[in-house]
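Laboratory data are not the source of any read-out in this text; all were calculated from the coordinates shown. A quick note: this is a predicted structure, and the numbers were derived from the prediction, not measured. Cβ sites come from the backbone with ideal geometry, for glycine too, and all protein chains shown count toward neighbours.
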Amino acid sequence: MKNYRLTAEQINKLIGARADRSRVLVPVQSEERVELEELDENYDAARAVDFFRPFDPLKSLVLSPFEKVAEFPHSSQTPDPAEVTLYGVKACSVNHLRLLDEIMLDEEIADSFYQARREKLFIISCDCQIVEDTCFCTEVGLAPHPTTGNFDLNIAHIEGEYLLTVGSERGGLFLEEIGLDLAEAGPETEQQLEEQRQRIAEEVAEKNQEFEIEEDIHRSVRSNRDAEVYREKAEDCVECGGCNLVCSSCYCFYLADRPEDQTSFSRFRLWDSCQFNAYARVAGDESPRPLLMQRIRHRIAHKFDYLEESMGFYGCVGCGRCISACPAGIDIRSLLAGVKQ
Amino acid sequence: MNPYQPIPAEVVEIIAESPTITTYRFIPEQPIPFLTGQFVELTVPGVGEAPFTPSSDPAVADQMEISIMHVGKLTQHLRDKTEVGDMVGIRGPYGQGYPLDEFAGREILIVGGGVGLAPLRSLIYALLGEIERFKAVKIKFGARTPGDIIYKAEVEDWLNSDELELELTVDSDEDYPDWEGNVGVVTTIMDDPDLEIDSGVAVACGPPIMMKFATQKFLSMGYSPEQIYLSMEKNMSCGIGKCGHCGIGPYYVCKDGPVMTYDMLEKYSEVFE
Ligand SMILES: Cc1cc2nc3c(=O)[nH]c(=O)nc-3n(C[C@H](O)[C@H](O)[C@H](O)COP(=O)(O)OP(=O)(O)OC[C@H]3O[C@@H](n4cnc5c(N)ncnc54)[C@H](O)[C@@H]3O)c2cc1C
Ligand code: SF4
Ligand code: SF4
Ligand code: FES
């Protein structure tokens, strides 16, 4: 992949050019956290390269929390979303997209609603500069910069300079279109980028040393299903489902029909949570996971065992959003530490 | 294509099979070809949607029969409110059905109970449609009482057929003095000294408890987990491997099943729950 040098001014131009083509969502530092907001004229896109990851789950842009997906007997429900550019996305969210794409764009049957939005989503990611206590991407085999594709453009900030990487054909075409006249970065700058990336990754790893999370988490999750930690955490969990809702690797939903009259109805899709007892209920009230402990285990097993087996990677990217969201103070890392044998 | 949009279908016939099971025949607005063992999502307008396996001959695409046990909200609504001429919605078919090509040339042991006979009837139609491809077809059906035996006409035909073997049993014949057949759960009639087990396949469909005991019996008879085909039931919503509800380990029953071999399932404790 080619890297180009970029000035702060050019970053703002680039975002401006996106705004001519699409709706643009950008990270904004609010008092408590970084949030996604609509781009406004005074926005300094260059400064935002360094912002911490936005809290908002990216999935809400591609898998709406609540949407009509069908009408009966006949439907005019064909999705036709507008173009959206998402700026300042961090590697963890890019990795979320990898999983969502894998599930929703399955060759056999794609989710047409997801597909339509995904095709209109332009991703400009930025290397992480700020590492918070909740970050643990390195502990699940990932990194604080995009490593798995799934972005259109990526910007990294190194010592007063910015580096632009083109991640997709679409990203390349857009660059050509706007004619920014960019110089290619030389091997020295690339070396510098490498070193910085390594340094920040080490910072993440250091912050997580106390948890002593092992490399092959899936092996322990698979073999140690009776770990005491599931029971312990079940005592604290209040079953709010917050951990699922903020996690863009949690894609579960259910369909519900609303009657319009005797013979017609509208069908809606709503996010769901595997921490709720009703989630896996078979017809009626039989649940295969009646105990909260079993549901907590299911959440961990799905992310670290089952998805590892079916997709070859984990259903957790180490973004830490669920850690910030949990009112009971449950840290997914302590679950992983507790499962270890 | 919108995968959540059902195709309108008209109810054209309602057949009472037993006190708890009814077969509905539908004509969809456009044909819905399916492979035996695949399932569809059936919507009753305003009530909701649930997964069912067509019980009709997969060679017929412009009509579909579904046999339904009335156990809860949607299925009882069908019994109490739905009449010939009403419209329902069908989407599908989904999932993996019975792999007939893998069954070819082998002896097939089929074990069923309750409404589990629904997918099996479709399977039997499919087998009979090209019976020369299979070495032998041996069927063991169980019902609670003689009055709960469904598909009476077909069962009669199959009992008299020389293309397959069918044996019946009931859990209890207390109020049926005329019953001369076997009494006992279905596992009591599964042994058969003539069965070719090493090269055969075993198929089971029925309530979870029956599937559990049938599977144990298959294993003790000498079938290996890869030779055992189970029709799995799990809570479902989307039917297409997206919503997460029907997971067993790394599999989604709606996509990787509903017909699954036991070697895929044996290590997951939740299988028969
Ligand atoms: C792939 C697949 C294929 C299926 N094929 C068929 C089929 O061909 N025919 C068919 O009738 N069903 C079939 N089922 C089951 C069917 O989907 C459920 O029975 C249905 O969803 C029940 O919906 P309901 O709204 O009526 O029940 P709910 O209102 O959800 O309540 C069901 C009530 O009945 C009880 N109950 C549920 N299931 C059973 C059961 N099997 N036996 C005894 N009690 C039960 C529950 O404990 C509860 O009290 C299939 C399921 C799957 C996953
Ligand atoms: S489980 Fe928590 S840390 Fe892992 S991806 Fe989801 S929100 Fe992020
Ligand atoms: S956010 Fe915390 S309290 Fe809420 S369901 Fe998840 S683990 Fe339980
Ligand atoms: S029913 Fe939605 S994933 Fe299987």
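Observations
- GNM flexibility winner over chain B from B:A153, B:A104, B:A202 (Cα, springs under 10 Å): B:A153
- Cα-Cα separations in region B:100-231 greater than 27 Å, expressed as whole percent: 13 percent
- Rounded if a/c under 1.5, otherwise prolate or oblate - region A:195-341, Cα gyration tensor axes: prolate
- The alpha carbon centroids of region B:226-273 and region A:18-74 are separated by 36 Å.
- Over chain A: helical MRE at 222 nm, DSSP H runs n ≥ 4 each giving -39500 (n - 2.57), nearest 500: -10000 deg cm²/dmol
- Debye equation applied to the C-alpha atoms of region B:6-108, log10 I(q)/I(0) at 0.12, 0.23 Å⁻¹: -0.39, -1.26
- Region A:152-191 and region B:34-79 have their alpha-carbon centroids 55 Å apart.
- Sparsely packed loop sites in region B:19-119 (the GluC sites (Glu not before Pro) outside DSSP H, G, I, E and B with at most 15 other Cβ atoms within 10 Å) comprise B:E29, B:E83.
- For A:V131, the shell of other residues with beta-carbons less than 12 Å away shows a net charge of -3, using +1 for Lys and Arg and -1 for Asp and Glu.
- Applying a 4.7 Å Cβ-Cβ cutoff to chain A leaves A:C126, A:C128, A:C135, A:C137, A:C237, A:C240, A:C252, A:C274, A:C316, A:C326 as cysteine residues with no disulfide-compatible partner.
- Counting Cβ atoms of other protein chains within 10 Å of each Cβ in A:329-340 and taking the mean gives 0.
- Of the DSSP H helices in chain B, those with a Cα length along their own long axis of 15 Å or more and a mean Kyte-Doolittle hydropathy reaching -0.5 comprise B:117-129, B:208-221.
- Relative contact order [Cα under 8 Å, 6+ residues apart], chain A, whole percent: 21 percent
- Remark: B:T36, A:T138, B:T20 ranked as B:T20, A:T138, B:T36, counting other beta-carbon atoms within 10 Å and listing the fewest first.
- Exceeding the 22 Å Cα-Cα cut-off - candidates B:K81/B:K255; A:K233/B:K267; A:K303/A:K340; B:K81/B:K152: B:K81/B:K255; A:K233/B:K267; B:K81/B:K152
- Percent of C-alpha pairs per 10 Å bin in chain A, short distances first: 5, 23, 31, 24, 12, 3, 0, 0.
- Residue of B:D194, B:D162, B:D62 that the Gaussian network model of chain B assigns the largest fluctuation, springs spanning Cα pairs under 10 Å: B:D194
- P(r) tail, region A:27-122: Cα-Cα pairs separated by more than 23 Å, 35% of all pairs.
- For A:E37, the amide hydrogen comes within under 5 Å of the amide hydrogens of A:V26, A:V28, counting only partners 5 or more places away or on other chains and with H modelled in the peptide plane.
- Close amide-amide hydrogen proximity is noted between B:V203 and B:L109, B:I110, B:V111, B:Y229, each under 5 Å apart and 5 or more residues distant or on a separate chain (H modeled in the peptide plane; Pro and chain starts excluded).
- For the residues of A:248-259, the average number of beta carbons from a partner chain within 10 Å of their own beta carbon is 4.
- Alpha-carbon spread of the protein assembly as shown, three principal axes, descending order, Å: 93, 54, 45
- Counting neighbouring Cβ atoms within 10 Å and putting the fewest first, the residues B:T188, B:T53 line up as B:T188, B:T53.
- The mean number of partner chain beta-carbon atoms within 10 angstrom of a residue's beta-carbon across peptide B:2-11 is 5.
- Among B:I197, B:I209, B:I248, the largest mean-square fluctuation in a Gaussian network model of chain B, built with springs joining Cα atoms closer than 10 Å, belongs to B:I209.
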